[in-house]
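K.L.:
For reference, the structure I am asking about is given below.
The values are calculated or read from the model by the stated rules, or taken from the named source; none is laboratory data. Everything quoted here is computed from the prediction, not taken from an experiment. Heads up, the Cβs are rebuilt from the backbone with ideal geometry, glycines too, and the neighbour counts pull from every protein chain shown. The area values use the complete protein model at the heavy-atom level, side chains included, leaving out ligands, DNA and RNA. Shrake-Rupley method; radii C 1.70, N 1.55, O 1.52, S 1.80 Å.
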Amino acid sequence: MVGKLAIHGGEKAVSIETSEKLALRPNWPIVGDEEIEEVVKAMRRVDITAPAGGGVVAEFEEAFAKYVGVKYCITTNSCCSATHIALGAFGVGPGDEVIVSPYTWGQTVAPIIHQNAIPVYADIDPKTYNLDPESVARRITESTKAIVVVHIYGHPADMDPLMEVAEEHDLKVVEDCAQANGAVYHGRRVGSLGHMASFSIGDGKNMVGGEGGMILTDDEELYERAMFVGMHPARSEGVVKKPELRKYIDSLIPTYRIHPLAAAIAKVQLKHLDEWNLWRRRHANRLSRGLKDLPGVDPVFVARGCEHVYHMYSPTYRTEELGGLPRDRFLDALRAEGVSAGAYVRMPIYLRPRHQDRFYYGKGCPWDCPFARRKVVYRKGDCPVAEERCEKTELNIGSTGWYGPQFRDLIDMYLEAFRKVVEHADELR
Ligand SMILES: *Cc1c(COP(=O)(O)O)cnc(C)c1O
């Protein structure tokens with residue numbers, strides 16, 4: 001029997017101090033001398049405002065488009081605005097329906113509502129927690145215009161069948177890659193698989209710029225249309241070629257451009273991304289090997305042909321294997337041992353008060369918008385897989401900060417903490 005639980009006054013299993021700035025993402029972000037030099041360089045050449053693009057903004061956009069393997073990249077001030085740009089470029093508007101996962105961060109969905117379109121939730125795959133293509137197909141109506149696909153935690157969604165469904169019904173697809181920077185699906189990087197893709201370099205993502213995002217596409221027309229949903233007219237001037245669109249170049253647009261110094265930071269971070277992701281993967285695999293034979297927790301699943309980039313390590317809790325010990329009690333004990341663990345989504349988006357009470361900016365839109373062709377309501381039971389994951393089985397460990405070899409000891413201590421809590425399950429019940 002290992003020692004007394006920390007929650008009961010014993011010694012912590014994890015003795016390495018991690019930054020508690022973001023409970024789920026210890027040790028992150030990191031900024032090196034090279035990032036600082038790049039920022040100083042940009043400031044020296046007064047590259048601190050770039051309404052028309054160019055300078056360090058263009059350098060980063062070019063490098064990022066090349067990295068993902070698409071033609072066009074437009075930097076933005078967030079992933080949320082990038083997704084909004086995609087929906088605008090697709091022509092999604094009032095009364096249109098957009099299919100989306102309920103198992104995500106709210107900003108995957110917020111842009112749909114900003115466009116006065118109606119989010120319709122499809123269920124998730126029980127192993128990858130990404131949109132289940134069959135569930136998506138069942139949600140399509142006459143009003144469906146687009147699908148927002150998120151690659152949750154950094155595991156690619158099953159894009160081949162999703163794109164098949166989309167093509168069959170003439171729907172546009174935007175990938176929300178905020179958590180999946182660098183992930184690979186059957187040999188191609190996420191962000192190159194849908195019609196457009198949004199990325200984040202904000203907050204604690206796998207590479208950061210402070211705050212910021214990118215919108216990517218291979219499609220010239222979507223690229224031109226994207227200009228009208230967020231870029232300064234000076235930039236549109238240089239990009240928009242179609243004569244029927246040129247007359248609409250105007251300042252009547254939201255301001256969604258990036259801060260150039262964020263692009264300077266991200267340009268350097270991009271050079272490290274693959275190496276950082278490799279370390280995240282190595283450490284995650286080590287944790288998975290250790291959890292494999294432990295009752296109560298199933299390690300993270302990785303689908304064939306996919307490279308996970310572990311923005312979070314999200315294993316599955318099996319209460320029945322620990323005599324019914326509630327998930328949150330297990331988590332409290334794990335956290336007391338020093339593991340940066342929690343539950344991330346906790347409640348599918350459609351069950352949250354903003355949807356249940358149809359809370360938005362007024363007049364009941366988008367749901368009661370006069371253009372809505374049917375009444376969309378959200379009920380418990382709509383997406384049973386997502387509900388069960390939120391309520392009972394999700395466990396989340398911040399893994400963004402596992403960017404180098406030095407975190408191997410941390411993983412071993414995490415494993416020790418898991419073993420300790422599992423062994424004391426009786427006492428915790
Ligand atoms: C962080 C995040 C976003 C939002 O990114 P911002 O750049 O902060 O707008 C969107 N979707 C997912 C899945 C995220 O994790």
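K.L.:
Is it fair to say ALA341 is modelled with pLDDT under 95, farther than 13 Å from ILE113 by Cβ and buried (at least 17 other Cβ atoms within 10 Å of the Cβ)?
P.N.:
On the way: modelled with pLDDT under 95: yes; farther than 13 Å from ILE113 by Cβ: yes; buried (at least 17 other Cβ atoms within 10 Å of the Cβ): yes.
Considered against the rule, which asks whether it is modelled with pLDDT under 95, farther than 13 Å from ILE113 by Cβ and buried (at least 17 other Cβ atoms within 10 Å of the Cβ), ALA341 comes out as yes.
K.L.:
What number of residues within the stretch 298-313 are in a strand (DSSP E or B) and of a type in the set (A, V, I, L, M, F, W, C)?
P.N.:
Restricting attention to the stretch 298-313, the residues satisfying the condition of being in a strand (DSSP E or B) are 298, 306-307, 312-313.
Next, from what is left, pick out any that are of a type in the set (A, V, I, L, M, F, W, C): 306, 312.
Matching residues across the stretch 298-313 total 2.
Per-residue answers, yes or no, for (1) touching a residue at least 24 places away in the same chain (Cβ under 8 Å); (2) touching a strand residue (DSSP E or B) at 6+ places or on another chain (Cβ under 6 Å):
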| site | (1), (2) |
| --- | --- |
| ASP298 | no, yes |
| ARG304 | no, no |
| GLY324 | yes, no |
| ARG329 | yes, no |
| VAL339 | yes, no |
| ARG346 | yes, no |
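K.L.:
Hey, among ALA197, ALA178, which residue is under 12 Å from the mean Cα position of the chain (by Cα) and near the ligand (Cβ under 8 Å from one of its atoms)?
P.N.:
On the way: ALA197 fails: near the ligand (Cβ under 8 Å from one of its atoms).
Every option except ALA178 fails the conditions.
K.L.:
Going by the structure shown, is SER101 of a type in the set (S, T, N, Q), in the same structural domain as THR141 (by TED's automatic domain parsing) and open to solvent by 20 Å² or more (accessible area, probe 1.4 Å)? Step through it out loud before you land on a result.
P.N.:
Numbers: of a type in the set (S, T, N, Q): yes; in the same structural domain as THR141 (by TED's automatic domain parsing): yes; open to solvent by 20 Å² or more (accessible area, probe 1.4 Å): no.
Considered against the rule, which asks whether it is of a type in the set (S, T, N, Q), in the same structural domain as THR141 (by TED's automatic domain parsing) and open to solvent by 20 Å² or more (accessible area, probe 1.4 Å), SER101 comes out as no.
K.L.:
Please verify whether the stretch 258-269 includes one or more residues that are modelled with pLDDT of 95 or more, in the same structural domain as MET43 (by TED's automatic domain parsing), outside any helix (DSSP H, G or I) and within 20 Å of the chain's Cα centre (by Cα).
P.N.:
yes
K.L.:
Also, I was wondering about something else. With (1) touching a residue at least 60 places away in the same chain (Cβ under 8 Å); (2) open to solvent by 20 Å² or more (accessible area, probe 1.4 Å) as the list, and LYS241 as the residue in question, which single condition is left unmet?
P.N.:
(1)
K.L.:
Within the set of pairs 6+ apart or on separate chains, which have a first residue in the stretch 64-89 that is charged (D, E, K, R), a second that is more than 8 Å from the ligand (Cβ to nearest atom) and open to solvent by less than 10 Å² (accessible area, probe 1.4 Å), and C-beta atoms under 7 Å apart?
P.N.:
Final answer for the pair search is LYS71/ALA65.
K.L.:
Sticking with this structure for a sec: Any residue at all in the stretch 139-146 that is among the hydrophobic types (A, V, I, L, M, F, W, C), at pLDDT 95 or above, in the same structural domain as SER81 (by TED's automatic domain parsing) and over 19 Å from ARG373 (Cβ atoms)?
P.N.:
Residues of the stretch 139-146 among the hydrophobic types (A, V, I, L, M, F, W, C): 140, 146.
Within this subset, residues satisfying the condition of being at pLDDT 95 or above are 140, 146.
Retained after the next criterion (residues that are in the same structural domain as SER81 (by TED's automatic domain parsing)): 140, 146.
The next check asks that each one be over 19 Å from ARG373 (Cβ atoms); those that pass are none.
No.
K.L.:
Report yes if some residue within the stretch 55-66 is in contact with a strand residue (DSSP E or B) (Cβ under 6 Å, 6 or more places away or on another chain), closer than 30 Å to GLU387 by Cα, of a type in the set (Gly, Ala, Ser) and not assigned by TED's automatic domain parsing to the domain that holds MET413; otherwise report no. Outline the logic, then answer.
P.N.:
Going residue by residue through the stretch 55-66, those that are in contact with a strand residue (DSSP E or B) (Cβ under 6 Å, 6 or more places away or on another chain) are 57, 61, 64-65.
Those still in the list that are closer than 30 Å to GLU387 by Cα too: none.
Within the stretch 55-66 (the criterion being in contact with a strand residue (DSSP E or B) (Cβ under 6 Å, 6 or more places away or on another chain), closer than 30 Å to GLU387 by Cα, of a type in the set (Gly, Ala, Ser) and not assigned by TED's automatic domain parsing to the domain that holds MET413), the answer is no, since none of the residues qualifies.
K.L.:
Still on this structure, I have one more. Are there any pairs with C-beta distances below 6 angstrom linking a residue in the stretch 151-169 that is free of Cβ contacts under 8 Å to residues at least 60 places away in the same chain and on the phi < 0 side of the Ramachandran plot to a residue that is away from the ligand (no atom under 16 Å from the Cβ) and in a helix (DSSP H, G or I), with the two at least 6 apart or on different chains, and if so which?
P.N.:
Note: pairs meeting the criteria are PRO161/PRO133; LEU162/PRO133; VAL165/PRO133; VAL165/VAL136; VAL165/ALA137.
K.L.:
Moving on. Take the conditions assigned to a loop (DSSP other than H, G, I, E, B), in the same structural domain as CYS79 (by TED's automatic domain parsing) and open to solvent by 40 Å² or more (accessible area, probe 1.4 Å) and apply them to ASP170. Does it pass? Can you show your working first?
P.N.:
Working: assigned to a loop (DSSP other than H, G, I, E, B): yes; in the same structural domain as CYS79 (by TED's automatic domain parsing): yes; open to solvent by 40 Å² or more (accessible area, probe 1.4 Å): yes.
Yes; evaluated as a whole, the condition is true for this residue.
K.L.:
Sticking with this one: Can you confirm whether the stretch 127-138 contains a residue that is farther than 18 Å from SER314 by Cα, touching a residue at least 40 places away in the same chain (Cβ under 8 Å) and in contact with a helix residue (DSSP H, G or I) (Cβ under 6 Å, 6 or more places away or on another chain)?
P.N.:
So far as the stretch 127-138 goes, no, none of its residues is farther than 18 Å from SER314 by Cα, touching a residue at least 40 places away in the same chain (Cβ under 8 Å) and in contact with a helix residue (DSSP H, G or I) (Cβ under 6 Å, 6 or more places away or on another chain).
Table: residues versus (1) open to solvent by 30 Å² or more (accessible area, probe 1.4 Å); (2) part of a loop (DSSP other than H, G, I, E, B).
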position: TYR350; (1), (2): no, no
position: GLY364; (1), (2): no, yes
position: TRP367; (1), (2): no, yes
position: PRO370; (1), (2): yes, yes
position: ARG374; (1), (2): yes, yes
position: GLU388; (1), (2): yes, no
position: ILE397; (1), (2): no, no
position: PHE407; (1), (2): no, no
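K.L.:
Additional query: Give the stretch 59-87 a look and list any residue that's more than 24 Å from LYS41 (Cβ to Cβ) and either within 14 Å of the ligand (Cβ to nearest atom) or more than 20 Å from the chain's Cα centre (by Cα) (or both), or say none. Walk me through how you get there before you give the answer.
P.N.:
First pass over the stretch 59-87, keeping only residues more than 24 Å from LYS41 (Cβ to Cβ): 68-72, 78-87.
Residues satisfying the conditions are LYS71, TYR72, SER78, CYS79, CYS80, SER81, ALA82, THR83, HIS84, ILE85, ALA86, LEU87.
K.L.:
I've got another one for you. Of all residues in the stretch 195-211, which are open to solvent by 20 Å² or more (accessible area, probe 1.4 Å) and either modelled with pLDDT of 95 or more or not acidic (Asp, Glu) (or both)?
P.N.:
Taking the stretch 195-211 as the starting set, the residues that turn out to be open to solvent by 20 Å² or more (accessible area, probe 1.4 Å) are 195, 203, 205, 210-211.
The answer is HIS195, LYS205, GLY210, GLU211.
K.L.:
All but one of (1) in a helix (DSSP H, G or I); (2) at pLDDT below 95; (3) open to solvent by less than 10 Å² (accessible area, probe 1.4 Å); (4) not β-branched (Val, Ile, Thr) hold for GLU224; state the number of the condition that does not hold.
P.N.:
Going through the list (1) in a helix (DSSP H, G or I); (2) at pLDDT below 95; (3) open to solvent by less than 10 Å² (accessible area, probe 1.4 Å); (4) not β-branched (Val, Ile, Thr), GLU224 breaks only (2).
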